[in-house]
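Asker: Before anything else, here's the structure in question.
The numbers here are math on the coordinates, done by the rules we state, and not lab data. Bear in mind that the values here come from a model prediction, so they are computed numbers and not experimental data. All Cβ positions, even for glycine, are placed from backbone atoms using ideal geometry, and neighbour counts span all protein chains on display.
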Amino acid sequence: MKVFETRKVDELGRVVLPLELRKAHNIDVGATIDICVNDNDQIVLVRSEPHCKICGVTEDLKEIKNNKKFICPACIGEISNL
């Protein structure tokens with residue numbers, strides 16, 4: 001893995017992504033980033049895409065009350081069966 005730059009975590013737990021990195025990867029102000037941990041226990045930042053808030057799938061999603069949170073038909077069915 002290539003180290004791009006080293007940054008400190010501030011007192012609120014924030015890390016600033018360098019401007020050069022944001023420009024190179026088209027990360028604009030207001031973009032959402034998923035914070036993940038891989039199998040090697042590494043923290044990975046991934047540009048967010050809509051996904052089911054329950055199971056994580058990214059296809060055939062339904063938005064929940066216009067709040068940019070999504071759920072898939074399978075999970076809707078599971079909830080309906082409760």
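Asker: List, in order, the whole-Hz ³J(HN,Hα) value for each residue of segment 32-44 obtained from phi through the Karplus relation with A = 6.51, B = -1.76, C = 1.60 and θ = phi - 60°; use x for Gly and Pro.
Answerer: 9, 10, 8, 9, 10, 10, 8, 5, 8, 6, 9, 7, 10
Asker: Sort SER80, SER48 by Cβ crowding within 10 Å, fewest neighbours at the top.
Answerer: With the sparsest Cβ surroundings first, the list reads SER80, SER48.
Asker: If contacts are Cα pairs under 8 angstrom and at least 6 residues apart, what is the relative contact order of the chain in percent?
Answerer: Answer for the chain is 15 percent.
Asker: Tell me the label only: which of [x] 345; [y] 171; [z] 226 is volume of the Cα convex hull per residue in Å³ as calculated from this structure?
Answerer: Answer label, from the structure shown: [y].
Asker: Enumerate the residues in segment 39-59 having an amide nitrogen under 13 Å from the point lying 7 Å beyond the Cα of HIS25 toward its Cβ.
Answerer: 43-49
Asker: I've got another one for you. Lysine pairs in the chain with Cα distance under 23 Å, only those 8 or more apart or on different chains: how many are there?
Answerer: Close lysine pairs under the 23 Å cut-off: 6.
Asker: So how much slack lies between VAL16 and GLU78, counting 0.36 nm per residue of separation and subtracting their Cα-Cα distance, in nm?
Answerer: Length gained between VAL16 and GLU78: 18.4 nm.
Asker: Counting Lys +1, Arg +1, Asp -1, Glu -1, what net charge surrounds ILE71 among other residues with beta carbon under 13 Å of its beta carbon?
Answerer: +1
Asker: How much mean residue ellipticity at 222 nm does the chain get from its helices, if each DSSP H run of length 4 or more adds -39500 (n - 2.57) and you divide by all residues, to the nearest 500 deg cm²/dmol?
Answerer: -4500 deg cm²/dmol
Asker: Counting only trypsin sites (Lys or Arg not before Pro) that sit in a DSSP loop (anything but H, G, I, E, B) with at most 14 other Cβ atoms within 10 Å, what is the longest stretch of the chain containing none of them?
Answerer: Answer - 15-52.
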